[in-house]
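Working notes, structure below.
Only the coordinates and a few stated rules stand behind these numbers; no lab work does. Computed from a predicted structure; not experimentally measured. Quick reminder, even Gly has a Cβ in these numbers, built from the backbone with ideal geometry, and neighbours come from all protein chains shown.
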Amino acid sequence: MTETWIRTAVEAIHSSPFQAVLYLAGGASQVLGLLLSVPGASNTVLEAVVPYSRMSMIQLLGKIPPQFCSQQTAEDMALLAYNRALKLSTPGSPVVGVGFTGSLASSRPKHGEHRFYMSTRTADRLWISQVTLTKGLRTREEEDRVSSHLLLKAIANVCKVPATAVLELSESDVSDECEKQFNEDQELEQLINGQICFKMYPFSSEIPAERKIILSGSFNPLHDGHLKLMEVATGICGDGYPCFELTAVNADKPPLSVPQIKDRIKQFEKVGKTVIISNQPYFYKKAELFPGSTFVIGADTAVRLINPKYYDGDYDKMLKILIGCKQTGCTFLVGGRNVDGAFKVLDDLDVPEELKDMFISIPAEQFRMDISSSEIRKRSGL
């Protein structure tokens, strides 16, 4: 690595709290070597994917883009990388998705321009840059080097570290960039609309762990039963990062509004507990979002979870979906609850043999809470 600024920038990137997923196509290949050759790369790089073929790019995007090398494609790649980074990152760490798509010099002369698009996406910012290189001025390797250095500078910028690069572009090259900032309301709207998969509010003083202990609910309101259940579950699990999960999108009701979500978030801030806002109402989808997690549920939820009625009446479909959950490494910690007027624990439920090792009982003597959030609302006149 000959340029001093590069090593200085990469060391600073690795020292920053940001964790990144990179999706690169058609250029900037050297940026991976620049990042990975400096110690500390595992602090930053969660994953790097090069969807180089047409079919690879189509599968990544989930569609055939109008243009493979375009601003929209770079933006889509960055958003996909951002969502992937959310899933892979250490809980609470800021993440960045990086997208790059280029049409650089090749073995055959190009009729069109030599150009590339770069994009970075964080929770509150989307940045896009378009660069058109002068034809015939550089070899393919030199164009790749320029694009790699400019992308590295963009990554440094989003990680809030200095990168005093030498001027890479000539007077005949053309460069343009734009930026969009998002406030919290816009972030939550994007979550409700399915653009981003979840948003974490790490209000807890707990030390983040890779495995999450997740208690899902509407938390309308959050009450002592929820807090006690999480305390007991954390004690049973031994290790893990306790997180409450509020689902903004419900299977049977309209999605929560942004003001409703923000009001419920305040409850967790007051008690210093981490809350995740997601848009997945179904546990098999939650398992894909949070693989390896332990989900804390009541016996009433467990009953619904193993009821074929909720899988189009198809027992085999239910089994297949829940085995899929099991394969993500997820488990369910089940507390006793009133079900159809009777208090039931895990042992009272008819769990299929193939799934029994995925369910763990919370002993009734350790936790029993008969009152629900809806009953608390009734008593409070809400």
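A few comments on the model shown:
- Residue 349-residue 205 pseudo-label distance in nm [points 7 Å out on the Cα-to-Cβ vector]: 3.4 nm
- Cα convex hull of the range 4-137 - mean projected area over all directions, nm²: 9.0 nm²
- Computed lengthening from residue 171 to residue 356, 0.36 nm per intervening residue step minus Cα-Cα distance: 59.8 nm
- Counted over all Cα-Cα pairs of the range 113-215, pairs farther apart than 18 Å make up 62 percent.
- Recomputing Cα Rg over 2.2 N^0.38 Å from the coordinates shown identifies the correct label among [x] 1.07; [y] 1.15; [z] 0.95 as [y].
- The residues neighbouring residue 213, those whose beta-carbon lies less than 12 Å from its own, together hold a net charge of -2 under the Lys/Arg +1, Asp/Glu -1 convention.
- Once the Cβ-Cβ distance of residue 47 and residue 342 is raised to the sixth power relative to R0 = 51 Å, the FRET efficiency obtained is 0.60.
- Where labels lie 7 Å past Cα in the beta-carbon direction, separation of residue 111 and residue 37 in nm: 3.8 nm
- Sparse-neighbour loop sites [chymotrypsin sites (Phe, Trp or Tyr not before Pro); the range 271-327; at most 15 other C-beta within 10 Å; DSSP]: 282
- Here the simple spin-label model places points 7 Å from the Cα toward Cβ, and for residue 54 and residue 223 these points are separated by 6.0 nm.
- Within the same chain, lysines fewer than 8 places from residue 320 are excluded, and of the rest, those with a Cα less than 25 Å from its Cα are 87, 212, 285, 286, 309, 356.
- Measuring nothing but alpha carbons in the range 294-364 and taking Rh as the Kirkwood radius, the Rg to Rh ratio lands at 0.95.
- Taking 0.36 nm per residue of separation and subtracting the Cα-Cα distance, full extension of the segment from residue 310 to residue 8 would add 103.2 nm.
- Neighbour-limited loop hits for trypsin sites (Lys or Arg not before Pro), the range 123-227 (at most 14 other Cβ within 10 Å; DSSP other than H, G, I, E, B): 135, 160
- Restricting the range 20-74 to chymotrypsin sites (Phe, Trp or Tyr not before Pro) that sit in a DSSP loop and have at most 16 other Cβ atoms within 10 Å of their own Cβ leaves 52.
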